1. Mean projection of the alpha-carbon convex hull of the range B:229-321 over all orientations, in nm²?
2. Return the whole-Å distance between the Cα centroid of the range B:163-236 and the Cα centroid of the range B:529-560.
3. Using 0.36 nm times the number of residues separating B:Phe466 and B:Arg179, minus their current alpha carbon distance, what extension gain do you get?
4. Give the whole-number value, in cubic angstrom per residue, of the convex hull volume spanned by the C-alpha atoms of chain B.
5. Taking R0 as 35 Å, what's the FRET efficiency between B:Ser439 and B:Glu577 from their Cβ-Cβ distance, rounded to 0.05?
6. Please give the FRET efficiency for B:Gln112 paired with B:His165, using the beta carbon to beta carbon distance and R0 = 30 Å, rounded to the nearest 0.05.
7. Within 10 Å of each residue's Cβ, count the other Cβ atoms and sort B:Arg267, B:Arg239 from fewest upward.
8. What distance in nm separates the two pseudo spin-label positions at B:Asn354 and B:Lys709, each 7 Å out from Cα along the beta-carbon direction?
Amino acid sequence: GEIFLVTEGDDEYDKFKGEDMIIKPDLHLDMEYKHVLRVEKVYINSAILAANSPFFYKLFSNGMKESVQQHVTLCVYESEEDALIDILRYIYTGKLTSTSASELLTVLIIADRFEVFSCMGYCSRLLCKL
Amino acid sequence: MSGMQKKKTSKIEPFKQRVENDPNYSEKAWKVLEHAIHEIYNHNASGLSFEELYRNAYHMVLHKFGEKLYGGLVSTLTFHLLKIAKSIEAAQGPFFLEEINRKWDEHNKALQMIRDILMYMDRTYVPSAGKTTVYELGLNLWRDIIIHSSKIQIRLLDTLLDLIHRERTCEVINRGLMRNVIKMLSDLGSSVYQEDFEKQFLNASSNFYAGESQEFIESCDCGEYLKRAERRLNEEVERVSHYLNPSTEKRITKVVEKEMIENHMQRLVHMENSGLVIMLINDKFEDLRRIYNLFCRVPSGLTSIADVMISYLRQTGKKLVTDPDKLKDPVEFVQLLLDERDKHDEIITQAFNNDKTFQNALNSSFEYFINLNSRSPEFISLFIDDKLRKGLKGVSEEDVENVLDKVMMLFRYLQEKDVFEKYYKQHLAKRLLSGKTVSEDAERSLIVKLKTECGYQFTSKLEGMFTDMKTSEDTMQGFYASQFGDVGDGPVLSVHVLTTGSWPTQPTTACNLPTEILCVCEKFRAYYLGTHTGRRLSWQTSMGTADLKATFGNGHKHELNVSTYQMCVLMLFNTSERLTYREIEQATEITPADLKRCLQSLACVRGKNVLRKDPMSRDIAEYDTFYFNDRFSSKFFKVKIGTVAAQRESEPEKQETRQKVEEDRKPQIEAAIVRIMKSRRVLDHNNIVTEVTKQLQSRFLSNPAVIKKRIESLIEREFLERDKTDRKLYRYLA
């Protein structure tokens, strides 16, 4: 499967960065993404994600729209984008690229949101070592 | 975060939570979620985006709108459940349960989806705010709004109980639906299942079975009733496995057990013409097994069976041992006892699971009635005697053991084991001396059994008898090999040398032996005393046998196997044709009782009368005349002339044996008293009596009056003395 990562502006009053916005023509967004900065396409294996996170497990199976779609959409703020990518990488490799405290904090928060509990633990340990 | 320690190189800035700038944000987000919940209940969930809903709920919780979210959820769920309640209440008749089931199913599915999208709230807000989780909240609301609705609660219970009642009265019901609805009650919590269903179910069942058992017991016999009760029990267990909670099984079976078995136990076992006694009499194994299996489920069920069995066994046993008809033949009498025991033993192993309660009941009953007849020890010994004489011929070794083991069971029941020993000794002596024992192995095996049962003391004398037999064999060989053994044409003598004390004491009734015999006897005496100095020999003519060669009319030759007494009598006819009773008595000097017996067997038994008697009558009178029966004939060459010896003892003999037994008990009682007093030094009367009785009960049941006499005798002989102040206390004098 694949994930479209829709990145919104962090702030409603942020400058609209039109040139960064990538929207595939076949992408039907039900929600009104007013401040879409860009859309990234990330290829993932739903089983691996589901095994590492209750959120993804439910996302792919609970009987709503995403359960039957080949591609699902996650919507995050710009400041969260790198952290989410890093978490997805963590799920596959067991490692994070983020090193600074603020980066790791963001990772921790996003991991909490998407219920990647093993990453939360890993992240907390890294933070303690700083 | 602020408490975190800073290190040199890294800089940690406090995390700035993004605050939603839109003041209506929470309202908007909730609207999205509320709409989604409606859609879920309307089966339109597949059009919703999980990610969007989760994100909204996440942000609401993150931005401290958790309470709003939770409150909104409660009211939305309530709204939907009230609607559902209406639709269930409106359902008619049989559709009522189906509607509940359908709506429950939908609610459950919806609840799962709602729980998923509110997962973040469940994980963070719910525990910190002390609320119940989304799913549990959904169940609680269902319980309060649907199940406890005044219009549904009673109706649901009545419907369920009615369906179960119908199934009990053989209607087919929708078990799947029952299972689902009852599963729903269990899912709502064990208290809901118990309070809203199980309690009333058990009550209704109790009433139902109270009525049904009353009806059954009026119309069925015991066996049929038990069959039905068993079927009902199985049905209830099956019902639980099909659609009730497993925890109900033991409660409902208890109800059935109480109503159908416990409440009617006495009436069932005592039922006329079909109760327990009839089952026992007719070996109704299946019914007995059933009654056991059912009764063992209720308190004191087995004792009530055992009580009836004991009283039945005692009654029939008492009848058996006191029936004069049955007492005519001791062997048959004991065989009847054995059969009776086998029969009930079989019942206990086959139907009563070999239960100890019943084994004890059987044993105690036998112990009770066997000892009601004081001749039981004698008869048991006679039975063994019969078996060892002839009964065991051609029977395998295993079967012999089997029979002996069974007889030992009866022996164990005897209270007067010393009386048995006395008789056993007599019977064994006869068997050994007449060479009638069939198998020495069987004899020995029985001795071993007695030994394990009663100890070395009990059998030492019996074993001595076997030793004597063996030594005698060697002695005879020695005799014939020696110079004394050359007796020429004279009769062949075989002597058993019996140790005094080991053998039952017989009054030495000497009789006049024929001179031929006397001559050989003297030679043997000379030989024996020559090899064993300091011994004394006396002849026990009452126990010997002899083989005689006789020639009758027409030159018919026969070998007669007779007793020593009979031989003495017959030898007289070598010299005279006719002899009167008086003449015979004078010539032989046999005691009148023995002589009469011996003459009776020689002259009055048809086909074996080598003598003839004048007048021809059954009894021997003082003035009868006897003459040789020249016309005697038999198809056998060897003719055995039995003695008309009453196998069982006659009344005076019995009295005599009894007296001997009592006499023998005296020293044993005294020995026990001395043993006890030696260790206790001082003891009061009652305690001595109890202890003596206990010590001796493996051999006999001692009579307190006899014990008292023995104590007095010991005091006289200064083994004991009475305490000076307390006359009830005895003191041991060393």
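1. 6.4
2. Spelled out, the Cα-based centre of one part sits 86 Å from the other.
3. Extending this stretch completely gives an extra 95.5 nm.
4. Per-residue hull volume (Cα only) is 402 Å³.
5. So, using R0 = 35 Å, E works out to roughly 0.20.
6. The value I calculate is 0.30.
7. In increasing order of surrounding Cβ atoms, one gets B:Arg267, B:Arg239.
8. Rounded to a tenth, the inter-label distance reads 4.7 nm.
Quick note: the coordinates plus some simple rules give every number you see, no bench work behind them. Keep in mind the model is a prediction, meaning the values are calculated, not measured. FYI the Cβ positions are ideal-geometry reconstructions off the backbone, even for glycines, and counts take in every protein chain you see.
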